[in-house]
């Protein structure tokens, strides 16, 4: 009996130590951003919307020329090393036709938050089998991403 | 049964630990059952503390996790590092410039983290160069060396880089006294007493960390060994240990160990500031380098400065005071309250502890026993709080746990001894393997120590690890000091020779705004290439500038022709990636420098003088994607006078259909 209670007492000690470590300072945990990026439930993934912060993107009836020009500039720095504006593949697929293949919110989510979508999106995974290079996160802010989308529309013939 | 057995083992272990406490012989004795659990950090989990450990004669700073002892990074500081291109690429070469020109190596002895209100604040770590005197500032957002300042009028910058409680100053005290830079150094060595001077340097640290020598104090020619700033009530004072007060210039082993007492020098730096304001400083010609790395141009510049303000400790009587301290004091450590100053006479069999209040009284009441080379010497008893009797042999360094205890290392008797600061009673002792030098408790020399772990840095490891030829690893040992008794929980080998180290809670540093990549839009490098469309190769006489980009997984351009023998080629490579943890490397066959290792968004430059006509491949050295092995290119080198024009391309230089 004594031995048993000693065993339990020791066990409790271990448990309380373990708990303390988990609920105390978070030095033993990975950062939250990494945790949320990988832990979302794949069954809730919407392949039309993609994963990220954009639900709906308002597109103008006509092209915003200034915004498209800005997008071309940003793409020159961050995108066109790997993407041609024709339908020809370089490192990644060519951009021609991209705005008819995907919803605008999908494009915005993908170019600002590629990693979780590479893990989940069936179309992106099919592309990865062809290209073999995961699209890097190029740190686009909202304005840059939106201007690139406008540039893509220009490539696809929106006037 | 099991219980009895454990008890028996413990008794034997404790008994043998006692027996060998003077000279430990058997490496396994001091470890008890739950040590592994205490040092274990599971895969994927983070350590509790960062540990910044001096790399000694490697010249670098290493970063470990505590309590796991895992090595995260070696930060190049005073020595070139071909792995990172440090000191080899054009951008960082100026960091190692000195008044002697480019110096590729030094000996980094001590580390000190920046503080605010006496507490470690996680912004920077400072390191000292012990050979060609310098102080470096390492930024903890990037884990890179941002600034190096040379210290004039000095030789062997040992009592450095200790700081004041708000990082107002980082100090440098010369280990060798030498003739001042503006005097004739071409004198007989045995005129030491007449011609040799010791200079203490106070380097001002600005809000962004920028260093500037505010003033130097010229002192008698002795060896300044270590130092620490006062804190709390003693803020405004600095304490330096001095040995060789015999002023010997040969066989110091014997000749500098003659006197019963040397000194701890107390320096009233607030008073010194007043004298500087009052114009008492003398602007004196000298020459020293100040090197700064600019984060937006990704480039370091080196400036040679030509004068320094000097205060004379002989003339200005109330800046410096000598406190007698037994037998060649080494460590000079101030407790968290700022009241107690511990002097470790490395040849003494006791530890004197001085009281700041008593020192102030002694100075006020002029309780002096005379002068040393023009500096008042306070009576030993008048400043003494008390002595720790028979603590061990060869005391070196002391750190504190914030609970009223001090921990001192003993080199000769190879142990760490815990003692009570007020009562001066020895409370515990543990053997180290072997011959401990420095020690570190996270925050252990600040106002707010985190008294959970103590790390001992040992000089000797004979029989501790698998042998590796004549040179063996130096090592660290972690002790759990959260209980009454110190408990050894882990050994780990270190790079170079570890001297001082600092440690801080992991969150303080990992949440300090860690840089994940350089933003391309903020890249102001004069040779940046923002996008493949801007890549080019430009000839200007014999100089050829290659504006190249890289991204997973190709270089642009990757075919270059028209380079000729005698050309000086500069590859300016911009990494276009904008994500964490995606550096690209660049290496070219036969280059006499090193690789480039280019962080995301960074531009880095490799200078190359082709040494023969022919084809030179280059490739990415840092595995970057599934197509990393495809990340390569060619440069064609033609003879001098060849008419092959400059051409460059990526993806277009395809074979002609009729080519053989």
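Laboratory data are not the source of any read-out in this text; all were calculated from the coordinates shown. In this text, all values refer to a predicted model and were calculated from it rather than measured experimentally. Neighbour counts are summed over all protein chains in view; Cβ atoms, including those assigned to glycine, are modelled from backbone coordinates with ideal geometry.
Quick notes on this structure:
- Ellipticity at 222 nm from helices only: DSSP H runs of n ≥ 4 in the protein assembly as shown, each -39500 (n - 2.57), divided by the residue count, give -5000 deg cm²/dmol.
- Seen against the Cα atoms of chain B and their longest principal axis, helix B:2-19 is set at about 80 degrees.
- Subtracting the Cα-Cα distance of residue B:303 and residue B:71 from their residue separation scaled by 0.36 nm leaves 80.1 nm.
- Residues B:241, B:79 in ascending order of nearby Cβ atoms (within 10 Å, fewest first): B:79, B:241.
- Using 0.36 nm per residue and subtracting the Cα-Cα separation, the extra length available between residue B:296 and residue B:512 on full extension is 75.8 nm.
- Short-range pairs are left out: with C-alpha atoms under 8 Å and at least six residues apart, the relative contact order of the stretch B:525-649 is 30 percent.
- In terms of other Cβ atoms within 10 Å, B:304, B:421 run from fewest to most in the order B:304, B:421.
- Per-residue mean of C-beta atoms belonging to partner chains within 10 Å, peptide A:87-100: 1
- Sorting B:640-652, B:479-491, B:203-215 by average packing, meaning the other beta carbons within 10 Å per residue, from highest down gives B:479-491, B:203-215, B:640-652.
- Counting Cα-Cα pairs of the protein assembly as shown in 10 Å increments starting at 0 gives whole-percent bin shares of 2, 12, 19, 20, 17, 14, 10, 5, 1, 0, 0.
- Relative protection proxy for A:52-65, B:404-417, from highest mean packing down: B:404-417, A:52-65 (other beta-carbon atoms within 10 angstrom).
- Report note on the peptides B:242-255, B:340-353: ranked by the mean count of other C-beta atoms within 10 Å, highest first, their order is B:340-353, B:242-255.
- Contour excess over end-to-end distance, with Cα ends at residue B:646 and residue B:31 and 0.36 nm allotted per residue: 214.6 nm
- For the peptide A:134-140, the mean number of other protein chain Cβ atoms found within 10 angstrom of a residue's Cβ is 6.
- Label-to-label distance, nm, for residues given as residue B:380 and residue B:615 (7 Å Cα→Cβ offset): 7.9 nm
- Taking the centroid of alpha carbons for each part, the stretch B:216-258 and the stretch B:481-540 are 34 Å apart.
- Contact order normalised by residue count of chain B, Cα under 8 Å, 6+ apart, percent: 11 percent
- Other protein chain Cβ atoms within 10 Å, averaged over every residue that makes up B:551-560: 3
- Here the label points at residue A:115 and residue B:630, each 7 Å from Cα along the C-beta direction, are separated by 2.4 nm in the simple model.
- Computed FRET value (nearest 0.05) for residue B:182 with residue B:255, which takes r as the C-beta separation and R₀ as 25 Å: 0.30
- Cα→Cβ-extended label distance, 7 Å offset, between residue B:568 and residue B:364, nm: 6.6 nm
- Per-residue Cβ neighbour rank within 10 angstrom, fewest leading, B:494, B:132: B:132, B:494
- Computed on the stretch B:525-649, the Cα convex hull volume stands at 93 Å³ per residue.
- Looking at the protein assembly as shown alone, DSSP beta bridges between its own residues are antiparallel in about 90 percent of cases.
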